[in-house]
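Have a look at the structure below, then the notes.
Each value in this text was obtained by applying a stated rule to the coordinates, not by laboratory testing. Everything quoted here is computed from the prediction, not taken from an experiment. Glycine also receives a Cβ, built like all others from the backbone with ideal geometry; neighbour counts cover every protein chain displayed.
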Amino acid sequence: MYVEIVMKKSFRLENLDCAHCAAVMENRIRKIEGVYEANISFMTKRLVLDADEDRLPEILIAAVAICRRIEPDCFIKE
């Protein structure tokens, strides 16, 4: 039997300059397999992920790619 462990993790979004871009990033990150919830606060420049702990490394790679594609100067930091 496989038990999924959901992990809540928070990240800083450095150089996030566009509220609309943040909303687009949030919606796209939510569609990554293994992500249960994703919230981006433009005001605090934070990304909060509820995700499958076992898939977190691949989820972060996909999230970074999404952020860089939408806002090239934006970086995800722990």
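Quick one: count up the residues across region 1-30 that are part of a helix (DSSP H, G or I) and among the charged types (D, E, K, R).
3
Per-residue answers, yes or no, for (1) surrounded by 13 or more Cβ atoms within 10 Å (Cβ to Cβ); (2) over 18 Å from residue 71 (Cα atoms); (3) among the basic types (Lys, Arg):
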{"residue": "6", "(1), (2), (3)": "no, yes, no"}
{"residue": "9", "(1), (2), (3)": "yes, yes, yes"}
{"residue": "14", "(1), (2), (3)": "no, no, no"}
{"residue": "21", "(1), (2), (3)": "yes, no, no"}
{"residue": "26", "(1), (2), (3)": "yes, no, no"}
{"residue": "35", "(1), (2), (3)": "yes, yes, no"}
{"residue": "39", "(1), (2), (3)": "yes, no, no"}
{"residue": "45", "(1), (2), (3)": "yes, no, yes"}
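For residue 12, indicate whether it is in contact with an Asp or Glu (Cβ under 9 Å, 6 or more places away or on another chain), under 15 Å from residue 78 (Cα atoms) and charged (D, E, K, R).
Working: in contact with an Asp or Glu (Cβ under 9 Å, 6 or more places away or on another chain): yes; under 15 Å from residue 78 (Cα atoms): yes; charged (D, E, K, R): yes.
Against the criterion (in contact with an Asp or Glu (Cβ under 9 Å, 6 or more places away or on another chain), under 15 Å from residue 78 (Cα atoms) and charged (D, E, K, R)), residue 12 qualifies.
Failed condition for residue 58, given (1) in contact (Cβ under 8 Å) with a residue 24 or more places away in the chain; (2) under 14 Å from residue 10 (Cα atoms); (3) of a type outside the set (Val, Ile, Thr), with all others met?
Only one criterion in (1) in contact (Cβ under 8 Å) with a residue 24 or more places away in the chain; (2) under 14 Å from residue 10 (Cα atoms); (3) of a type outside the set (Val, Ile, Thr) is unmet by residue 58, namely (2).
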